[in-house]
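Please read the structure below before turning to the comments.
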Amino acid sequence: MSKDGKNRVYEIAREVGLKPQRLIEIMEELGIKNKGNLSIIDDETTKVIKEYIKELRDKKKEDETRSRKIAGNITIKEFADRFGIPLTEIRERIMKLGLPYKPTRRLSRDEVHYLAAELGLDVPEFENAEFLKSFVKRAPVVTVMGHVDHGKTTLLDAIRKTSVALKEKGQITQTIGASTVKIDGDEIIFIDTPGHEAFTEMRLRGSIVTDIVVLVVAADEGVKEQTIESLNHARAAKVPIIVAINKIDKPGADPERVKQQLADRGLLPEEWGGSTTYVPVSAKTGSGLQDLLEIIRLQSEFLNIRTDVNTVASGTIIESRIDKNIGPLATAIVQTGTLRVGDYIRVGNIVGRVRFMFDTFGKRLSAIKAISAVEIGGLPDIPEAGEIFYQLESAEEAKEETKLIEETLKSKITETNVPKTLEELLKGLESRKEKKLYMVIKTDTHGSLEAVKKAVKEIKSNIPIEIIHEGVGGIVKSDVLLASATGGFILGFNVRATAEAKQEAKQRGIEIKTYDIIFELVEELTKLLQGMVVKEKKEVVLGKALVKETFKISDVGVIAGSLVTEGRIVRNAKAKVIRDNAVIYNTEIASLKRFKEDVREVMKGYECGIGLKNFNDIKAGDEIEVYSSTEEEQ
Ligand code: GDP
C-alpha cells in the first residue's frame, strides 16, 4: 500500500496478481465506485478489497478440493485410481451397492458421490433425495457353506421344498444353481452351489455376489475341517455369518458344543454377549427353518441393501453349462438394472445376445429386475463362474466390444507368471495402506500347528501377521485359492503340497514355503520380516520314488520296492519319507539296488530297492524324496 494512503486501481491489480479489468468487476461486486484503472482508492478500502479477494480465492480452493473429491463424469477405473482402491475390490462393492459395473460407462456426479459416501470415503455428506429414490430395497443373496454331509443340500432342499437331495442320487438335477424363497412377501435368493472352493473361485474372479453366509454345522459331529475352511473363506470375504446348527433331531446332538467350538474361533454367540446368531435347525424335520429365514431377513434389513432397477443391467455369473439341445446356458444374479430378452451383454471375453431367460421356478421371462437369479440362454459360449456381465446399449456397441476383445487378445503377450516370493509380497506391502502379511499355515499334526503358530506370533516385526487359515494336512488347492484371494502366502511345516495345489500356486504366483525344522522356519521368517538378507538353506530335490511294496530282509531291515517317478534316486543322499503329503521321517538312502545289484543311482521310470537309514516303518504308497542341501543368499 502507498505511503500517502492512496492507491491506483492498476497498482492494486498488480499487487494481487489480477487483471485490472477483473479487479474492477470485483470492486463493482463490492459496490466500490471507481472510474477505471487510474481511480484512486484509499488504504481502508484497499484492505477491504484485498480481504475479499483472499476470501474468494480460499473459497475457490475449497470448491476445487470438493469437486476433486466428487468429480462426476469419470469411469469406475478412474474413480478407483482417484481414491486409491484396487479395481478388483471396487468391482464387487459397486454392484452390491446397486450401481452397475460397466467399465466404459461414465458415472454421473451423483453416482460418484453416492458411491464414495457408501464406501466410507472422505467426502461431504450426500443428500440428493431425488437420486437416492432410484435405489430400492433388495433381496439378500445367501450362500450355504459347511463340512461335507452336514446337511447343506438337505437344508436348501427343505427351504425351497423341492427334492434336490433325493434327485441328486439318481439323476442330474435340473436346478439353475440358485433358488428364490419368499417369506411374507420378502424374497431371499439362495445360491445352490455350496462349497467354499466355488465361493473362493468366484471371489478370485472379482465378485462375491453373496451378502450373507449360512454356516451349516451338524450338531452331532460339531466343527470339522471344512467348517473352519468355510468360516475362513467367509471371513476373508468380509461377509456376515449366521450359524445353522443342523441335525438337532439326532440323538447325539450337542448344540452347545458347536457354539463353544466356534466361539473359540471368534464367532461368539449373541446369548454369550457376542454378535453371531446361532439357529438350531433340523433340515429333516423342518424345525427351526422358519427362524433361520427370519434371521436372514433381519440380517439383510440390518445390512440395508439396495439397488437401482432402472439403470444398466449388470450382475455375476454363478454357474454355466452347455445343454446339448440349446447350447450354452449361464445362471446369473442380476444385481442392477433390468435385463431383457434381446439385450446385448458382455461377460468376460464373450459378447452375446440374451435369446431367452428362465427364473428360478423355471418360468420363461421377457424381462427381469434386479435383484434376481436367472438362467440366460443364447450366448455364443459358456462364461466362467464369478465373471461379471453387463448390458451393452446396442448392436453397434456389441460390435465395438467384440472388436476390442479381439484386438486385446491379439496384442496380449503371454504373461509369464513370476511367482510371488515372500520378499516381493513384503515389498508390495510398503505401498499398501493396510500393512498386513496374510498367511495360511498347514502342518502335519495339531501339536506342530500350535508350535508353529506360537513361533509365528512371537516373531518381532513391524508388519502384523494374520493367519487367515490353519489346518492339519497337506497343502491343497483351496489353501492356494485362499492365499490368492487375500494376497498372502502359504507356510507348510512337515507337509507338502498336492500336485493340484502346486499347479494352482504356480498359475497364481502364490509362494508355498515348506519347512521341516521349526528353528529354520522361525529364523528365516524373522529375517524376511525384518528385511534382512536370508541365507536360505536351499534344498534341491534330486528325485522322488513311489513305494510299491516292502520286503523284510533279515539283518538288513525293510527294503522299499519303489518306482522312480521324478529325477533320480542317489545312494547316500539325504531323503525324506512322505506319507499323505506329510513328511514323516528325515533320513538317508542307506542302500540302493537294481535286481540285487548295488547301484549308485537309479533314473526316472526304473524300479529299485531302497533301504533307509534307521527307518523300517516304510509302507506301500509312501513317497521317498531325495534331496541335496546348500546354503545360499536369497
Ligand atoms: P451336504 O454334503 O452338506 O450337502 O449334506 P447332505 O444334505 O447331503 O446331507 C448328508 C446326510 O445328512 C443325508 O443323509 C441327509 O439325509 C442327512 N441330514 C441332513 N440334515 C439332517 C437333519 O437335520 N437331521 C438328520 N437326522 N439327518 C440329516
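Taking the simple approach of a point 7 Å from Cα along Cα-to-Cβ for both Glu29 and Arg257, what is their distance in nm? Calculated label separation equals 7.7 nm. Take every Cα pair under 8 Å whose residues are at least 6 apart in sequence, average their separation, divide by the length of the chain, and the relative contact order is 9 percent.
Determine the share of the chain's accessible area contributed by carbon and sulfur atoms, expressed in whole percent, with a 1.4 angstrom probe. The nonpolar share, carbon plus sulfur, comes to 49 percent. Counting DSSP beta bridges in the chain, what percent are antiparallel, to the nearest 5? Percentage antiparallel, nearest 5: 75.
How much length, in nm to one decimal, is gained on full extension between Glu458 and Thr587, taken as 0.36 nm per residue of separation minus their Cα-Cα distance? Full extension from Glu458 to Thr587 adds 43.4 nm. The distance between label points at Glu597 and Asn614 comes to 3.2 nm (points 7 Å beyond Cα on the Cα→Cβ vector).
Model label sites at Arg340 and Leu119, defined 7 Å from Cα along the beta-carbon direction, differ in position by 3.1 nm.
Averaging the sequence gap over all C-alpha pairs within less than 8 Å and six or more residues apart, then dividing by the number of residues, gives the stretch 448-555 a relative contact order of 24 percent. Between Asp149 and Asn349, the C-beta separation translates, for a Förster distance of 51 Å, into a calculated FRET efficiency of about 0.85. For the set Lys454/Lys619; Lys102/Lys137; Lys224/Lys544; Lys77/Lys224, the pairs lying more than 31 angstrom apart at their alpha carbons are Lys454/Lys619; Lys224/Lys544; Lys77/Lys224. If a spin label sat at a point 7 angstrom from the Cα of Lys137 along the line to its beta carbon, the backbone N atoms of the stretch 285-319 nearer than 13 Å would be those of 297-307. In loop segments of the stretch 550-628 as defined by DSSP, the chymotrypsin sites (Phe, Trp or Tyr not before Pro) with at most 11 further C-beta atoms inside 10 Å of their C-beta are Phe595. Once the C-beta distance of Lys527 and Glu450 is scaled by a Förster radius of 22 Å, the resulting FRET efficiency is 0.40 to the nearest 0.05. For the stretch 76-133, the solvent-accessible area with a 1.4 angstrom probe is 50 square angstrom per residue. Explain nothing, just the number: relative contact order of the stretch 76-133, from Cα pairs under 8 Å at least 6 residues apart, as a whole percent. Computed value for the stretch 76-133: 28 percent relative contact order.
Working note: 222 nm ellipticity from helices only, DSSP H runs with n ≥ 4, each -39,500 (n - 2.57), summed and divided by the residues of the chain, gives -10000 deg cm²/dmol to the nearest 500.
Non-local lysine pairs in the stretch 7-67, meaning eight or more places apart or on different chains, with alpha-carbon distances under 19 Å, amount to 14. Could you name the aspartates and glutamates in cross-link range of Lys527, using Cα to Cα under 20 Å and dropping any fewer than eight places away on the same chain? Hits, sequence-local ones excluded: Glu423, Glu424, Glu430, Glu458, Glu466, Glu511, Asp516, Glu536, Glu539, Glu631, Glu632, Glu633.
The values are calculated or read from the model by the stated rules, or taken from the named source; none is laboratory data. Remember, it's a predicted structure, so these values are computed and weren't measured experimentally. Counting neighbours? That spans all protein chains shown, and the Cβs are built from the backbone with ideal geometry, glycine included. SASA here: full protein model, heavy atoms, side chains in, ligands and nucleic acids out. Shrake-Rupley method; radii C 1.70, N 1.55, O 1.52, S 1.80 Å.
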